[in-house]
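Structure record follows, encoded as structure tokens.
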Amino acid sequence: MGVSGTGKTTVGELLAERLHVPYAEADDFHSPANIDKMSQGVPLEDADRWPWLDAIGAWARSRAGRGGVVSCSALKRSYRDRLRAAAPELFFLHLTGDRALIADRLANRQGHFMPLNLLDSQLATLEPLQEDERGAAVPVNPGPDSVTALALAALGPHPRAG
């Protein structure tokens, strides 16, 4: 989880590879209308997000007992609660970084629908993990391989599903 530009896709793919489980990109669960909105620099509203979150939750539920990694912004506690309602065993890795680093990444990213001008709205919306939520915060500044190693350490010993 985390704002756009923190490396959710890159780290998610690496993490899934190292855990030998499938990876799902949350952006693939968005409706065309949501993608159009974001492409135009218009932040999504909660009503736009509910069907998207439900689809991600259904995917996570389908992986119960077998494992999987899905990248998802999950910026608000209520979004994570909705995902947990579908898949109670979810573990959230919150990829964190300072605004300057993330803005630089977004400014240099090619071929993605999420524009840099939505970063501040995402940061304003972000509700970090709370102590009663199953998960961990991981800084993104060391680079993808180091972030993946930190993520694996945060997950602790888990059976490797296939």
Expected single match for touching a residue at least 40 places away in the same chain (Cβ under 8 Å) and out of contact with any Phe, Trp or Tyr (no Cβ under 6 Å at 6 or more places or on another chain) among Glu17, Glu25 is Glu25
Filtering region 1-29 down to residues that are open to solvent by less than 20 Å² (accessible area, probe 1.4 Å) and among the β-branched types (Val, Ile, Thr) yields Val3, Thr6, Val11
Ser71: passes all of (1) surrounded by fewer than 17 Cβ atoms within 10 Å (Cβ to Cβ); (2) in contact with a strand residue (DSSP E or B) (Cβ under 9 Å, 6 or more places away or on another chain) but (1)
Output for Cβ contacts, cut-off 9 Å, separation at least six or different chains, first residue in a helix (DSSP H, G or I) in region 130-155, second open to solvent by 60 Å² or more (accessible area, probe 1.4 Å) and β-branched (Val, Ile, Thr), reads Pro144/Thr10; Val147/Thr10; Thr148/Thr10
In the set Ala151, Ala137, Ala86, Ala60, the lone residue that is open to solvent by 40 Å² or more (accessible area, probe 1.4 Å), within 22 Å of Tyr23 (Cα to Cα), at pLDDT 90 or above and hydrophobic (A, V, I, L, M, F, W, C) is Ala137
In region 1-37, anything among the polar types (S, T, N, Q) and in contact with a His (Cβ under 6 Å, 6 or more places away or on another chain) is listed as none
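The values are calculated or read from the model by the stated rules, or taken from the named source; none is laboratory data. Bear in mind the structure is a predicted one, so any value in this text is a computation, not a measurement. For neighbour counting, all protein chains shown are included, and Cβ atoms are generated from backbone atoms with ideal geometry for every residue, glycine included. With ligands, DNA and RNA removed, areas are computed over all heavy atoms of the protein, side chains included. Shrake-Rupley method; radii C 1.70, N 1.55, O 1.52, S 1.80 Å.
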